[in-house]
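Chemist: Here it is, the structure in full.
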């Protein structure tokens, strides 16, 4: 059995992509910043699926077409902050720009796989980034 429903599709707001390929933390931060200025947003997963659940490993944020002007300043500030490289500091002494460890021991390469190990020139602490 089929039902025919008469609805006006023009009355539904169009959603526009505001940002994509965000990490979870970035998506939450941007969502909260948009909520602070009164813009409702939808956060969706996107990108390649992760194992074992199949959800996307990145997030995208959608806003209503009518909210683009009020969200523009927040989106521009967020993108500027996101693309500006951060200066790495030592977590122990706060010294700027620690050098990457050129040849870490095999067990450190295994333990810190997927990260870069840095060594502080001031205090000698090694930490991943």
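All of the numbers you see were taken from the coordinates with simple rules; none came from a lab. The structure presented is a predicted model; accordingly, all values stated were derived computationally and were not measured. Counting neighbours? That spans all protein chains shown, and the Cβs are built from the backbone with ideal geometry, glycine included.
Chemist: For segment 9-83, restrict the atom set to alpha-carbon positions and state the Rg and Dmax in Å.
Modeler: Cα only, segment 9-83: 13.1, 39 Å (Rg, Dmax).
Chemist: Something else: In what order do 31, 59, 21 fall by count of nearby beta-carbon atoms within 10 Å, going from fewest to most? Mind dumping the intermediate values first?
Modeler: Values: 31 20, 59 23, 21 12.
With the fewest neighbours first, 31, 59, 21 line up as 21, 31, 59.
Chemist: A further question on this structure: Just to be sure I understand the model, the point goes 7 Å from the Cα along the line to the Cβ. What's the resulting residue 107 to residue 95 distance in nm?
Modeler: Rounded to a tenth, the inter-label distance reads 2.5 nm.
Chemist: For mean projected area of the Cα convex hull in nm², pick the label among (i) 10.2; (ii) 13.4; (iii) 9.3 that corresponds to the value derived from the coordinates.
Modeler: (ii)
Chemist: A further question on this structure: Any idea what the relative contact order of the chain is, in percent, if you count C-alpha pairs under 8 Å spaced at least 6 apart?
Modeler: Working: 164 pairs, mean separation 24.0, N = 129.
Once normalised by length, the contact order is 19 percent.
Chemist: Additional query: Taking the beta-carbon count within 10 Å as an exposure proxy, list 62, 110 from fewest neighbours to most.
Modeler: Values: 62 16, 110 9.
With the fewest neighbours first, 62, 110 line up as 110, 62.
Chemist: Counting other beta carbons within 10 Å of each residue's own, what order do 101, 39 fall into, fewest first?
Modeler: On the way: 101 17, 39 21.
Result, fewest neighbours first: 101, 39.
Chemist: Using Cα atoms only, what is the angle between the long axis of helix 68-83 and the major principal axis of the chain, expressed in degrees (0 to 90) to the nearest 10?
Modeler: Roughly 20 degrees between the two axes.
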